[in-house]
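Asks: For reference, the structure I am asking about is given below.
The values are calculated or read from the model by the stated rules, or taken from the named source; none is laboratory data. No experiment lies behind these values; they were computed from the predicted model shown. Reconstructed Cβ throughout: ideal geometry from the backbone, glycine too, with neighbour counts over all protein chains shown. For accessibility, only protein heavy atoms count, side chains too; no ligands or nucleic acids. Shrake-Rupley method; radii C 1.70, N 1.55, O 1.52, S 1.80 Å.
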Amino acid sequence: MRKRVSRFEVFIDGLIPYSIALIILVTIAEIFFYKQVRPYYWIIDVIDLAIIWVFLMDLGFKFRHAKNIP
């Protein structure tokens, strides 16, 4: 049985390492450079939301392909 993997699923799977790196950078900026990034909090919130959606979509794809779930 051949598994069909959509291009979108491969794209989302490829975004995971970049999302992790971006969330680390955003967290470092929020902790150590609080005053400098304060005017850009709305941008940081949008980035955080986008990263959460990427993680949720990837988790959904992984759940769909899982054979056994305890």
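Asks: Being open to solvent by less than 90 Å² (accessible area, probe 1.4 Å) and of a type outside the set (Gly, Ala, Ser) is the filter here; which residues of segment 59-70 pass it?
Replies: Phe61, His65
Asks: Go through the residues of segment 27-41 one by one and say whether even a single one is of a type in the set (Phe, Trp, Tyr) and within 13 Å of the chain's Cα centre (by Cα).
Replies: No, segment 27-41 contains no residue that is of a type in the set (Phe, Trp, Tyr) and within 13 Å of the chain's Cα centre (by Cα).
Asks: Which of the residues spanning segment 5-50 are outside any helix (DSSP H, G or I) and closer than 27 Å to His65 by Cβ?
Replies: Val5, Ser6 - these are the residues of segment 5-50 that are outside any helix (DSSP H, G or I) and closer than 27 Å to His65 by Cβ.
Asks: Return the pairs, sorted by first residue and then second, in which the second residue is of a type in the set (Gly, Ala, Ser) and part of a helix (DSSP H, G or I), the first residue lies in segment 43-58 and is surrounded by 11 or more Cβ atoms within 10 Å (Cβ to Cβ), the beta carbons are less than 6 Å apart, and the residues are 6+ apart or on different chains.
Replies: Within 6 Å, the pairs are Ile51/Ser19; Val54/Ser19.
Asks: Could I ask something else about it? If you scan segment 8-24, which residues turn out to be within 14 Å of Asp48 (Cβ to Cβ) and surrounded by 14 or more Cβ atoms within 10 Å (Cβ to Cβ)?
Replies: Ser19, Leu22, Ile23
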